[in-house]
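Read through the structure below, which is laid out as structure tokens, and then see the notes.
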Amino acid sequence: QLHSDQDKGDGSLKYILSGDGAGTLFIIDEKTGDIHATRRIDREEKAFYTLRAQAINRRTLRPVEPESEFVIKIHDINDNEPTFPEEIYTASVPEMSVVGTSVVQVTATDADDPSYGNSARIIYSILQGQPYFSVEPETGIIRTALPNMNRENREQYQVVIQAKDMGGQMGGLSGTTTVNITLTDVNDNPPRFPQSTIHLRIPESSPVGTAIGSVKATDADTGKNAEVEYRIIDGDGTDMFDIVTQKDTQEGIITVRKPLDYETRRLYTLKVEAENTHVDPRFYYLGPFKDTAIVKISVEDVDEPPVFSRSSYLFEVHEDIELGTIIGTVMARDPDSASSPIRFSLDRHTDLDRIFNIHSGNGSIYTSKPLDREISQWHNLSVIAAEISNPKDTTRVPVYVRILDVNDNAPQFAVFYDTFVCENARAGQLIQTISAVDKDDPLGGQKFFFSLAAVNPNFTVQDNEDNTARILTRRNGFSRHEISTYLLPVVISDNDYPIQSSTGTLTIRVCACDSRGNMQSCSAEALLLPAGLSTGALVAILLCIIILLVIVVLFAALKRQRKKEPLILSKEDIRDNIVSYNDEGGGEEDTQAFDIGTLRNPAAIEDKKLRRDIIPESLFVPRRTPSAPDNTDVRDFINQRLKEHDTDPSAPPYDSLATYAYEGNDSIAESLSSLESGTTEGDQNYDYLREWGPRFNKLAEMYGGGESDKDTS
């Protein structure tokens, strides 16, 4: 409240207010000086207002005191809840981490005044994710709460964090966010052989380097933590056999190191060890990170079976070769002096899909089905050689077929992209970064190119030249009410030969965002609001309605006016009236359709006179009928003519109907027409019309009344 010392309370002074919000947000009572707010004030919009007040004489409008300035400061209340910059966070922490290991920190902000009360003091708590994780109330740092969390038991966790103002007290406002936490792998599992004893067999004639078989230990870890190295650590055959670690399959391939002799030794025992190559010292207490298995190798007696030229074969072939193409040839010989011919065959247990076949005579292996490197990169075959003279004695040799890559797959999007664009987006704004994957594996590495399938007025793609591309907007502003979803076809091409390309379609949703570009709403509810018509459409509809109303009014007025037209305009305007019955005839030239003279004088019919209203199809001679005598009744004449035309086959069906009406004989009224009464104008007397009944009252008034008036005048 403002008050001047010069104010005596008699209403002679007037208080005026100026400055920030004067007259709109703040108003002053010009008599009492009380200042009021016209609406609710938001401190987050403006924290203080500077106003100036002055008292003036109401009559002279001159100031009675100098202008005074004062500041209205807005005290904050807790009307804003804490908000997180991200709705969903993604974090990871190594498995087996100790309790209290930091995972990630989430921070919420509050728009209230932090210097006034506890409105902006935020306390963090965990709503979901216990007892695995905890959060520091003051800092928002998420930490592990349980020891020895094992990725092999559970890998994914979802934690919900709540941020509450007012120091977490009751009545405070709160906001939540979700944190998806993944446990990353560490080497905490040793390799294990599925069997403690493994049996293998090998013929005594197997050459040095022949692969006898493979052993494999499983490891629950992934990546480099699961890599295993195999070696023979003990046994009576350490000098006879070797073991090789296959890196891509993590198997140990046991091969022959020296020639074998069944008669010398029939059984060898090996102790094979599998050990992790990357051991984490922190988990030594979980070890040892190795395992052993006993491999028993039985040497089989053979009767000099065929001997292959090599202990194993490796063939490389491109995946796009035609069916029937020879990929390689195996060779074998009979060591016996007889040198029996050799027959080759494939072990179908090593080729269950029957992708390959072999010529039994020369050992050439060829394809019988299409190859696909993306399905299987290696095919481990076993070729059998047998003597024709002794088919029971056979020799096997492993054949490793490596399928070489051919660029036969088009690149595709690496993941499904959930893309959105803000309604308030600007031209050139980044809305999505995309990448691609290709099942092929070129020697020079993958290289992708991104482009649009067609010029798009709304979006464009910019190739980053690092196998990624950016999707940018090309115009300012989008509207969900007009178009809620855009489909953007993106062409992805590789650089291998032949070039492969595919078109992936990005679905871009139009969403409402805040000033920072954070998505707020993409739901269909916003699109279901009633769409208002534009002003132009409303004006057009209104004009159409007005025009229709005017047409209806005019039509009603014309119809009403026609009903009110009198038969005779006035009593003085007495004239002859011709009544038209609107009988349809044959047209303007139909002068013979109705001729009363013919009825009265049948002898007046002209010979061979044709109708002029139609064109007859053929000329015919009309039948001549005897003329009726003068005293013949007209009714009989008409009936006679009708009968003649009904029986006349040459009379065409004309489209005009002539109606002959006969009033009868002995009419006391005679003719009512005045056309032939011009010579007896002054002698007519129509008083008898009154005696004919009420139907002739109108005629009696028209004619009889006029004569009476004339007499009286």
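Scan the range 328-350 and give yes if some residue there is of a type in the set (Asp, Glu), in the same structural domain as Ile212 (by the TED database) and either out of contact with any Phe, Trp or Tyr (no Cβ under 9 Å at 6 or more places or on another chain) or open to solvent by 20 Å² or more (accessible area, probe 1.4 Å) (or both), otherwise no.
No; the residues of the range 328-350 include none that is of a type in the set (Asp, Glu), in the same structural domain as Ile212 (by the TED database) and either out of contact with any Phe, Trp or Tyr (no Cβ under 9 Å at 6 or more places or on another chain) or open to solvent by 20 Å² or more (accessible area, probe 1.4 Å) (or both).
Checking the structure you have, find out if any residue of the range 56-64 is outside any strand (DSSP E or B) and surrounded by 12 or more Cβ atoms within 10 Å (Cβ to Cβ).
yes
Based on this model, can you work out whether Glu69 counts as open to solvent by 90 Å² or more (accessible area, probe 1.4 Å) and in a strand (DSSP E or B)?
It is true that Glu69 is open to solvent by 90 Å² or more (accessible area, probe 1.4 Å) and in a strand (DSSP E or B).
Kindly indicate whether any position in the range 434-449 is hydroxyl-bearing (Ser, Thr, Tyr), farther than 19 Å from Gln412 by Cα and touching a residue at least 24 places away in the same chain (Cβ under 8 Å).
no
Per-residue answers, yes or no, for (1) touching a residue at least 12 places away in the same chain (Cβ under 8 Å); (2) assigned to a loop (DSSP other than H, G, I, E, B); (3) buried (at least 16 other Cβ atoms within 10 Å of the Cβ); (4) assigned by the TED database to the domain that holds Val179:
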{"position": "Arg39", "(1), (2), (3), (4)": "yes, yes, no, no"}
{"position": "Lys46", "(1), (2), (3), (4)": "yes, yes, no, no"}
{"position": "Leu51", "(1), (2), (3), (4)": "yes, no, yes, no"}
{"position": "Val93", "(1), (2), (3), (4)": "yes, no, yes, yes"}
{"position": "Val104", "(1), (2), (3), (4)": "yes, no, yes, yes"}
{"position": "Pro114", "(1), (2), (3), (4)": "no, yes, no, yes"}
{"position": "Asn118", "(1), (2), (3), (4)": "yes, yes, yes, yes"}
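With the checklist (1) touching a Lys or Arg at 6+ places or on another chain (Cβ under 6 Å); (2) without any contact (Cβ under 8 Å) to a residue 40 or more places away in the chain; (3) under 24 Å from Ile212 (Cβ atoms) in hand, flag the one item Val299 doesn't pass.
All conditions pass for Val299, except number (2).
Report, by residue number, each residue of the range 37-71 that is under 25 Å from Ser119 (Cβ atoms) and of a type outside the set (A, V, I, L, M).
Thr38, Arg39, Arg40, Asp42, Arg43, Glu44, Glu45, Lys46, Phe48, Tyr49, Thr50 - these are the residues of the range 37-71 that are under 25 Å from Ser119 (Cβ atoms) and of a type outside the set (A, V, I, L, M).
Can you tell me how many residues within the range 372-394 are at pLDDT below 90 and either within 52 Å of the chain's Cα centre (by Cα) or not in a loop (DSSP other than H, G, I, E, B) (or both)?
Matching residues across the range 372-394 total 8.
Can you tell me which of (1) open to solvent by less than 40 Å² (accessible area, probe 1.4 Å); (2) outside any loop (DSSP other than H, G, I, E, B); (3) not charged (D, E, K, R) is the one Phe420 doesn't meet?
(1)
Collect the residues in the range 481-496 that are part of a loop (DSSP other than H, G, I, E, B) and in contact with a Pro (Cβ under 6 Å, 6 or more places away or on another chain), keeping them in residue-number order.
Asp496
Considering only the range 241-284, give the strands (runs of 3 or more DSSP E) lying wholly within it that have at least 2 residues that are open to solvent by 80 Å² or more (accessible area, probe 1.4 Å).
In the range 241-284, no matching strands (runs of 3 or more DSSP E) lie anywhere.
Here is a check on your reading of the model: is Thr178 touching a strand residue (DSSP E or B) at 6+ places or on another chain (Cβ under 9 Å) and more than 25 Å from Thr292 (Cα to Cα)?
Judged against the criteria, Thr178 is a match.
Out of the residues in the range 131-153 meeting the condition of being of a type outside the set (Ser, Thr, Tyr) and part of a strand (DSSP E or B), tell me which one is most open to solvent (accessible area, probe 1.4 Å).
Keep residues of the range 131-153 that are of a type outside the set (Ser, Thr, Tyr), which gives 131, 133, 135-138, 140-143, 145-153.
If we keep only those that are part of a strand (DSSP E or B) as well, we get 133, 135, 141-143.
Values: Phe133: 4, Val135: 23, Ile141: 32, Ile142: 0, Arg143: 67 Å².
Looking at the filtered set, the residue picked out is Arg143.
Residue pairs, Cβ under 7 Å, 6 or more apart or interchain, first in the range 69-84 and farther than 14 Å from Arg121 by Cβ, second open to solvent by 50 Å² or more (accessible area, probe 1.4 Å) and at pLDDT 80 or above. List them.
Here the result reads Glu69/Arg52; Thr83/Thr109, each pair linking the range 69-84 to a residue that is open to solvent by 50 Å² or more (accessible area, probe 1.4 Å) and at pLDDT 80 or above.
Kindly list the number of the only condition in (1) surrounded by 13 or more Cβ atoms within 10 Å (Cβ to Cβ); (2) at pLDDT 85 or above; (3) not charged (D, E, K, R); (4) not assigned by the TED database to the domain that holds Ala454 that fails for Phe478.
(4)
Against the definition (over 13 Å from Ile74 (Cα atoms), at pLDDT 75 or above and open to solvent by 40 Å² or more (accessible area, probe 1.4 Å)), how does Ile35 come out, yes or no?
Yes; evaluated as a whole, the condition is true for this residue.
The values are calculated or read from the model by the stated rules, or taken from the named source; none is laboratory data. Every value quoted in this text rests on a predicted model; they were computed, and no experiment measured them. Positions of Cβ are generated from backbone atoms using ideal geometry, with glycine treated the same way; all protein chains shown enter the neighbour counts. Only protein heavy atoms, including side chains, enter the accessible area calculation; ligands, DNA and RNA are left aside. Shrake-Rupley method; radii C 1.70, N 1.55, O 1.52, S 1.80 Å.
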